[in-house]
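Report on the structure given below.
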Amino acid sequence: MLTYNKRQFTENITGRTVALVCAALLVIVVLSITYFIASKGLSTFFVNGVSISEFLTQVKWDPEGEPAMYGVFPFILGSFLVTALAAIIAAPLGIGAAIFMTEIFPGFGKKVLKPVIELLVGIPSVVYGYVGLSLLVPFIREQFDVLGFSLLAGGLVLALMILPTITSVATDAIEAVPQDLRNASLALGATRWQTIWNVVLHSSLPGCLTAIVLGMARAFGEALAVQMVIGNTTKLPGSLLDPISTLTSGITLNMGNTIQGTPYNNALWSMALLLLAMSFIFIMILRILGRKRAVK
């Protein structure tokens, strides 16, 4: 017995030590990345003397001009517009697919549809971008007599990319609704659709919102697929059919053409800092939704 207790104590200490080291390493990595990006990004304002208000609100981006212009508002607007459009398209489809798989045809949904949707998550983003470039852009060009590279193309490609994420998370949220709630609603005379709309969706609302936010977080940070279909222009879009640029596409297209430490390079790091800040905001929103779900 003494030997067993000693061995158990040693295993507990070892397990706690390993877990503590892993957690500490994770914290150190996150803080290091944050410090590195912040130190680079803030150099634009504290070393190069660029005004923060002009950086965020100016609409002209010309870092190599005389004088140099560092307005990233078109990139910020493009990121939000393409993310919002993708969420507007994918959210109803994803939640509808989740309802179909859990409430309408659960057997077929779990055996066939769910594996197919989960398989879509593993498709590389470059494949989505190439499909959009080969099929979607020419289709928009022929149907609307425009360039084809547009906000609409980027929104549709991103909607397809985030659809599996929204569907999977929403499915888990709907499945977590107790069956007793459904039975009680049906016992009170509610129809099947009334039960789904008023009981199931209402109870799983925090989880469905979490699914949408997760999808938007992925869409906001996507670079390659969006870059291939949006046109990458710094002009403000006037409609869904106009080309745009996003923070991620601006960084990936220009970072390789700059020299470390130059104002141009620092401005790109400032754009990366904006992306990091948006990631933290999405995480905060998810934590808030998670708390509401737990309280409920």
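Per-residue answers, yes or no, for (1) surrounded by fewer than 12 Cβ atoms within 10 Å (Cβ to Cβ); (2) under 23 Å from GLY215 (Cα atoms):
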site	(1), (2)
PHE108	no, no
ILE117	no, yes
VAL121	no, yes
GLY132	no, yes
LEU135	yes, no
LEU147	no, no
SER150	no, yes
ALA159	no, yes
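If you go through segment 227-244 and keep only what is touching a Ser or Thr at 6+ places or on another chain (Cβ under 6 Å) and over 12 Å from SER150 (Cβ atoms), you end up with GLN227, THR234. Only a single item in (1) surrounded by 13 or more Cβ atoms within 10 Å (Cβ to Cβ); (2) over 26 Å from ILE281 (Cα atoms); (3) small (Gly, Ala, Ser) is not met by SER43, and it is number (2). Does VAL50 count as in contact with a strand residue (DSSP E or B) (Cβ under 7 Å, 6 or more places away or on another chain) and part of a loop (DSSP other than H, G, I, E, B)? So VAL50 fits the description; yes. Among the residues of segment 172-197, the ones that are of a type in the set (A, V, I, L, M) and open to solvent by 60 Å² or more (accessible area, probe 1.4 Å) come to 5 in all.
Look at VAL226 and say whether it is in a helix (DSSP H, G or I), buried (at least 19 other Cβ atoms within 10 Å of the Cβ), without any contact (Cβ under 8 Å) to a residue 60 or more places away in the chain and of a type in the set (Val, Ile, Thr).
On the way: in a helix (DSSP H, G or I): yes; buried (at least 19 other Cβ atoms within 10 Å of the Cβ): yes; without any contact (Cβ under 8 Å) to a residue 60 or more places away in the chain: no; of a type in the set (Val, Ile, Thr): yes.
The answer is no for VAL226.
Please tell me if VAL30 is assigned to a helix (DSSP H, G or I), closer than 30 Å to PRO206 by Cβ, open to solvent by less than 30 Å² (accessible area, probe 1.4 Å) and not aromatic (Phe, Trp, Tyr).
Values: assigned to a helix (DSSP H, G or I): yes; closer than 30 Å to PRO206 by Cβ: yes; open to solvent by less than 30 Å² (accessible area, probe 1.4 Å): no; not aromatic (Phe, Trp, Tyr): yes.
When the stated conditions are applied, VAL30 does not pass them.
Under 8 Å by Cβ, and 6 or more places apart or on different chains, what pairs join a residue from segment 75-102 that is under 27 Å from PRO115 (Cα atoms) with one that is among the hydrophobic types (A, V, I, L, M, F, W, C) and not in a helix (DSSP H, G or I)? Every condition considered, the pairs that remain are LEU85/LEU240.
Please verify whether segment 55-68 includes one or more residues that are open to solvent by less than 50 Å² (accessible area, probe 1.4 Å) and closer than 29 Å to LEU163 by Cα.
Our first condition is that a residue be open to solvent by less than 50 Å² (accessible area, probe 1.4 Å); within segment 55-68, this holds for 55, 61, 63, 65, 68.
After this cut, where a residue has to be closer than 29 Å to LEU163 by Cα as well, the list is none.
Within segment 55-68 (the criterion being open to solvent by less than 50 Å² (accessible area, probe 1.4 Å) and closer than 29 Å to LEU163 by Cα), the answer is no, since none of the residues qualifies.
Between LEU286, LEU214, LEU253, the distinction of being more than 15 Å from the chain's Cα centre (by Cα), in a helix (DSSP H, G or I) and surrounded by fewer than 22 Cβ atoms within 10 Å (Cβ to Cβ) belongs to LEU253 only.
Report the residue count in segment 18-27 for those that are open to solvent by less than 70 Å² (accessible area, probe 1.4 Å) and under 28 Å from the mean Cα position of the chain (by Cα). Give the derivation first.
Keep residues of segment 18-27 that are open to solvent by less than 70 Å² (accessible area, probe 1.4 Å), which gives 19, 23-24.
Narrowing the set further to residues that are under 28 Å from the mean Cα position of the chain (by Cα) leaves 23-24.
Residues meeting the conditions: 2.
The values are calculated or read from the model by the stated rules, or taken from the named source; none is laboratory data. Everything numeric here is computed off the predicted structure, so don't read it as measured data. Backbone-built Cβ (ideal geometry, glycine too); neighbour counts: all protein chains shown. The area values use the complete protein model at the heavy-atom level, side chains included, leaving out ligands, DNA and RNA. Shrake-Rupley method; radii C 1.70, N 1.55, O 1.52, S 1.80 Å.
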